[in-house]
Amino acid sequence: MRKPASKKRSTAASLAAGDDESARGRLLSAATRLFCKNGINATGIDAIINEAGTAKTTLYKLFGSKTNLVHAVLETEGKQWREWFIGAMESGGGDPQTKLSRMFPALKDWFGEERFYGCPFINAVGEHDKDQKQFRAIAMRHKKVVLAHLEKLAAEMGAAEPDVLAHQLALLIDGAIVAAMVSRNPDVADTAALAAGSLFGPSKVKKPKRAAPVQLMAV
């Protein structure tokens, strides 16, 4: 029995949408690996479509340009990394300082992965014109989310200046990432953890306010 034409069109549209979604995923995966490993400028469209097993027309249909593909890669990578990193701190619960102390062991695990190529945001900004705002804007949006979570934990810990502590920790994170990328030594995370530990000392925590002395009234 023949299916109605509308049913056929609906099925064809669903299959096409599924094909596009599959191709999009393969292109993002291929571009992510090649951009991180070889650099954005050094990676051409042909290398990406060969890696993804798609046609060049498919890439342009889905993303419009290489620049749009780069943006999609950074946005996707940023979201996945933030979910992993924040999840690594929050996993297992504990007090705020315990959560913050999980940062560098998590980074050390990442640094030890065979496909660790550094931070895609640092790499993207580093290899392009420093006056170019597009990649810097994406990188700053990513960093603001991470900083906000660090500041939240710092405030919950009772830090005297939560925003300052968050920025100090973020600098240690970025420094450890770059050092690990250059040295290929995951142990740099341990050094960063020692430095972070010195930021959690009593002098960095708010001192409780003293209660006003009780004045006794003569009767």
Worksheet item: Any idea of Ser29's accessible area? Nearest 10 Å², probe 1.4 Å.
Response: 70 Å²
Worksheet item: ³J(HN,Hα) across region 158-169 via Karplus (A = 6.51, B = -1.76, C = 1.60, θ = phi - 60°), whole Hz, x for Gly/Pro?
Response: x, 4, 4, 9, x, 5, 5, 4, 4, 5, 5, 5
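Scan region 33-104 for trypsin sites (Lys or Arg not before Pro) in coil per DSSP, keeping those whose Cβ has at most 15 other Cβ atoms within 10 Å, and list them by number.
Details: sites: Arg33, Lys37, Lys56, Lys61, Lys66, Lys79, Arg82, Lys99, Arg102; in loops: Arg102.
Passing sites in region 33-104 do not exist.
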Discussion item. Starting from the Kirkwood Rh over alpha-carbon pairs, what translational D in µm² s⁻¹ does region 35-121 have by Stokes-Einstein at 25 °C and 0.890 mPa s?
Written reply: 161 µm²/s
Item to complete: Give the accessible area for Val188 in Å² (nearest 10); use a 1.4 Å probe, count only protein heavy atoms, and leave out ligands, DNA and RNA.
Response: 30 Å²
Worksheet item: Using the Karplus equation 6.51 cos²θ - 1.76 cosθ + 1.60 (θ = phi - 60°), what ³J(HN,Hα) coupling, rounded to whole Hz, does each residue of region 138-150 give in order, writing x for Gly and Pro?
Response: 5, 4, 5, 4, 4, 5, 5, 5, 5, 4, 4, 6, 4
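To the nearest 20 debye, what charge dipole does region 95-204 have about its Cα centre, counting +1 at the Cβ of each Lys and Arg and -1 at the Cβ of each Asp and Glu? Spell out each step's value before the answer.
Numbers: 13 positive and 14 negative charges, 49 e Å.
With Lys and Arg at +1 and Asp and Glu at -1, about 240 debye.
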Practice prompt. Sticking with the crude label model, points 7 Å out along Cα→Cβ, report the distance from Asp109 to Arg184 in nm, one decimal please.
Written response: 2.4 nm
Practice prompt. Grab the beta carbon distance between Lys79 and Asp174, set R0 = 22 Å, and tell me the FRET efficiency rounded to 0.05.
Written response: 0.75
Worksheet item: How far is it, in nm, from the label point at Ala137 to the one at Tyr60 when both lie 7 Å from their Cα along the line to the Cβ?
Response: 2.5 nm
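Put Met140, Met89 in order of accessible area, largest first, 1.4 Å probe: what do you get?
Ranking Met140, Met89 by accessible area, largest first, yields Met140, Met89.
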Item to complete: Run the 1.4 Å probe and let me know the accessible area of Glu161, rounded to the nearest 10 Å².
Response: 110 Å²
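The values are calculated or read from the model by the stated rules, or taken from the named source; none is laboratory data. Worth saying up front: this structure is predicted, and the values here are computed from it rather than measured. Quick reminder, even Gly has a Cβ in these numbers, built from the backbone with ideal geometry, and neighbours come from all protein chains shown. Accessible surface areas use protein heavy atoms only, side chains included; no ligands, DNA or RNA. Shrake-Rupley method; radii C 1.70, N 1.55, O 1.52, S 1.80 Å.
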